[in-house]
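First the structure, in the form of structure tokens, and then the observations on it.
Computed from the coordinates by the stated procedures, all read-outs in this text should not be read as laboratory data. Predicted model, so just to flag it, every value in this text is computed and none were measured. Every residue, glycine as well, gets a Cβ built from its backbone with ideal geometry; the counts of neighbours run over all protein chains shown.
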Amino acid sequence: MSETAFHPGFLAQPYWWDAAPPETARDEPLPARCDLVIIGSGFAGLSAALEAARGGASVAVLDAGPLGGGASSRSGGMVSSGQKLVLSAALKGLPVEKQVAALEDSKATFEFLKDLIAREKLDADLQLCGRFFGAFTPKHLDTLKKNAATLHERTGVTIRILSREEQHEEVGSDYFHGGFVVEEYGGVHPAKLNRALRDAARGAGARLFSHARVLGTHREGDGHAVRTERGDIRAQHVLYATNGYTDRASPWLHQRLVPVMSYQIATEPLPPGMMDRLIPRRRMVTDSRKELTYTRPSPDGTRILFGCRPRALQTEPKYLAHALRARMLRFWPELAAVRITHAWGGYVAMTADRIAHVAEKDGVMHAVGCNGNGVALMSFLGWHAAQLILGRTNRRAFFADIPFPAVPPLTNTAAFVQMASAAYHLRDFTANPAEVVAERLGRPGRPITTTSRKEAQG
Ligand SMILES: Cc1cc2nc3c(=O)[nH]c(=O)nc-3n(C[C@H](O)[C@H](O)[C@H](O)COP(=O)(O)OP(=O)(O)OC[C@H]3O[C@@H](n4cnc5c(N)ncnc54)[C@H](O)[C@@H]3O)c2cc1C
């Protein structure tokens, strides 16, 4: 890709950080002891910190890097009621009562986040703008129709199926072969949400420390010794909220999580009127590819944010920006003249059973395993972990009540993830070879015709 595709002020960091950067907090020494040490300052860790501190516990949140520098401030910020779990094969074979609990708790994650933002007055740009799910092939449309019916039946959301012509009401693109809309879903500004949670947790009395990597924990009396790069802390309880950034501080968790990179780019502000053509109703947009695409307007409606997990041997942001932009131009060729201002990646955590887990192992709690869909889910799991630790609930959520299997040996290595992503790429190629080849060759898509646009707008 030529350098002209990049804005001169291009940054290899999240667009979200322009408004709410991660935070350095390393002046204060760590406390010698506290009730609860939380490892990780993403949505899970901070939501747990807020709940525990409100419940009267003394809480220290430790992060290996800056506060909020993990996936939570790098996310696409799309929010749903756990539609991936509802639709995935993960629930197949589970007893009916577990499946019912999984659906109930998936719905609860979304309600929890909306309630948390309202209750705590979090400045997070929550927009309940709906989401369009686009079909990558005509056959995928049949699957999406079934998925839409399942989501409606099991979670009560409002669904609208759209043909390829009707989709122009939602996306100014012929990339998709129809799709469906869920009205209730939406999006947040993830870095603002993270910052607002930091403020709320501190307001409740929690103390937050950056650049304090935890090296390990061990039992000491009736509590735990937490060993960190900045000294040791004695804690009654410990919670790992490290998700896709889990390191060997907990070898047990490390064997259960596969870190997978997801990438995004942001465009410069679009020329006036363009967003009305690209995403007229300002929805979140995802597709049915194995190499999932997710795209959305920035919360202020000025830019396109475009993400996917492309097969790539290089992880250098400008190289990846090339791959993402090629796909973006398949969606919307008119973006060819719009420059890229930001490109970044972040890690999500996959599990062997494709289910997130919150539970205790040898007296240490964890809330991990977002499987790529964690804005609402991980916030909920952090909260639930704190409730379990403080003994504030007798009810264990579905995610707390299932075994947490280890991943097969070597599957949590970068080489394996590359192989898996090549397999995903092949699946997309088999489903729609012409499209995958055109994207690889960097051929822009065809703009939709004025007639089809007018027809769609009625
Ligand atoms: C590019 C991208 C796009 C995404 N898009 C969406 C989306 O649109 N919708 C959605 O629902 N989800 C999305 N996700 C997933 C979602 O963002 C994550 O599931 C969620 O943010 C995870 O939050 P968390 O608190 O569990 O972990 P994180 O926010 O990743 O925080 C984990 C923290 O743990 C810290 N840590 C790790 N090890 C240690 C240690 N030993 N000592 C101290 N600290 C440690 C890390 O430094 C990190 O800050 C996306 C993720 C990425 C990366």
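Seen through its C-alpha gyration tensor, with square-root eigenvalues sorted a ≥ b ≥ c, region 122-162 comes out oblate because a/c lies at 1.5 or above while a/b is not bigger than b/c. Taking the number of Cβ atoms within 10 Å of each Cβ as an exposure proxy, the fewest-first ranking of T246, T158, T302 is T158, T302, T246. Summing Lys and Arg as +1 and Asp and Glu as -1 over all other residues whose Cβ lies under 14 Å from the Cβ of R282 gives a net charge of 0. Only helices reaching 20 angstrom along their own axis (Cα) with mean Kyte-Doolittle hydropathy no lower than 0.0 count here, and for the DSSP H runs of the chain these are 375-390, 414-431. For region 126-169, applying the loop criterion from DSSP together with a ceiling of 16 other beta carbons within 10 Å to the GluC sites (Glu not before Pro) yields E165.
The slack in the chain from R213 to D401, taken as 0.36 nm per residue of separation less the alpha-carbon distance, amounts to 64.8 nm.
Multiplying the residue separation of T143 and D18 by 0.36 nm and removing their Cα-Cα distance gives an extension gain of 41.1 nm. Once a ≥ b ≥ c are taken as the square roots of the eigenvalues of the Cα gyration tensor of region 1-149, is the result rounded (a/c under 1.5), prolate (a/b larger than b/c) or oblate (a/b not larger than b/c)? Cα axes put region 1-149 in the oblate bin. Looking at region 117-171, the trypsin sites (Lys or Arg not before Pro) that sit in a DSSP loop and have at most 14 other Cβ atoms within 10 Å of their own Cβ are K121. Checking every one of the trypsin sites (Lys or Arg not before Pro) in region 222-252 against DSSP loop status and a limit of 13 other Cβ atoms within 10 Å picks out R248. For the pairs K92/K146; K290/K318; K98/K192; K114/K139, note any where the Cα-Cα span goes beyond 25 Å. Table pairs above 25 Å Cα-Cα are K98/K192; K114/K139.
Relative to the present Cα-Cα distance, how much length would full extension add between V100 and D222 at 0.36 nm per residue of separation?
40.3 nm
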